[in-house]
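Have a look at the structure below, then the notes.
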Amino acid sequence: MVRLWTRERAAQADLDHVRGLVAPADADEPEDLERIVALLEKVVEDKAPLPDIEEARAPSRSTA
């Protein structure tokens, strides 16, 4: 039972992290969303850890 709870908590944390990555994507700027989607696809493909939210946001701030 504890193991299931631990996995559920870890899955929820990952989901919250992905939401944090997607949240700053501006609906008026499809390039932002496309960049985040490409980043997440690479994470899945490489089986890599999720990137830091601030690091993932950095490229979109540099174009402002």
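Read the figures in this text as sums done on the coordinates, not as results from a lab. Quantities reported herein were computed from a predicted structural model and do not represent experimental measurements.
General observations
- Residue within segment 19-27 that is among the basic types (Lys, Arg) and under 11 Å from Arg57 (Cα atoms) present: no
- For segment 1-57, residues that are hydrophobic (A, V, I, L, M, F, W, C) and part of a loop (DSSP other than H, G, I, E, B) total 6.
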